[in-house]
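The values are calculated or read from the model by the stated rules, or taken from the named source; none is laboratory data. A quick note: this is a predicted structure, and the numbers were derived from the prediction, not measured. Virtual Cβ from ideal backbone geometry, glycine too; neighbours counted across all protein chains shown.
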């Protein structure tokens, strides 16, 4: 890996390594390593543990009245391969990961490979600088997902969480669109979709427009990577 790529990656992740060999190893997939021990697998193992600890500690601190079961659900919703892979893409790690010739095109790298690199970088930062820079890196990417997941579980109001995110991120208010309705007047069902920042997300059905809007907001939050595992069918009708 060239020095330019290492410097570029440090700018992307907003952390400068004292030991750049740790970053180089974190970005080296097993397919390109001289041995398994030279790949990012060991750093991924460590990074996974650090990630879990930081997220759990953050949930614990933010939710002093949350029972263990709720904290576990929030952690499961936030820490996942899908979320790690999404953050790796946002950081454009696809441009700097070292892969072997037998691996598919960079644009089609599997989520598991991207997630592994993201966790390996966490492990590398932890070894190089300790827990605080690792915490900053983790929360810079996952802090908002923690906020969204905790708010949704506490309020059961996906529309409110989506609106807060859209206004913070794009200074934009989500727009809900009625796509279809069916059934007799006394028992209608409604299909709604939400447009956020110029993109219309997956639609959802509900027994009222408000319920359909809540479910559409849930779909948008999932698509934006702010929610992983929840059950919109359990929603009571909320404003």
Conditions first: (1) under 15 Å from residue 26 (Cα atoms); (2) surrounded by 16 or more Cβ atoms within 10 Å (Cβ to Cβ); (3) touching a residue at least 24 places away in the same chain (Cβ under 8 Å). Residue 194 passes all but one, so which condition is the exception?
(1)
Out of 237, 181, sole residue that is farther than 24 Å from residue 87 by Cβ, outside any helix (DSSP H, G or I) and at pLDDT 90 or above
181
Unique match (being at positive phi and surrounded by fewer than 18 Cβ atoms within 10 Å (Cβ to Cβ)) among 92, 62
92
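Okay, residues lined up against (1) assigned to a loop (DSSP other than H, G, I, E, B); (2) touching a strand residue (DSSP E or B) at 6+ places or on another chain (Cβ under 8 Å); (3) at pLDDT 90 or above:
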{"position": "149", "(1), (2), (3)": "no, no, no"}
{"position": "153", "(1), (2), (3)": "no, no, no"}
{"position": "160", "(1), (2), (3)": "no, no, no"}
{"position": "165", "(1), (2), (3)": "no, no, no"}
{"position": "192", "(1), (2), (3)": "no, yes, yes"}
{"position": "202", "(1), (2), (3)": "yes, yes, yes"}
{"position": "210", "(1), (2), (3)": "no, no, yes"}
Could you list, in sequence order, the residues of segment 1-29 that are in contact (Cβ under 8 Å) with a residue 12 or more places away in the chain and closer than 17 Å to residue 99 by Cβ?
1, 5, 6, 8, 9, 23, 24, 25, 26, 27, 28, 29
Residue in segment 1-8 that is within 22 Å of the chain's Cα centre (by Cα) and closer than 15 Å to residue 125 by Cα present
no
Hey, does segment 38-58 have a residue that's touching a strand residue (DSSP E or B) at 6+ places or on another chain (Cβ under 6 Å) and either within 26 Å of residue 225 (Cβ to Cβ) or assigned to a helix (DSSP H, G or I) (or both)?
yes
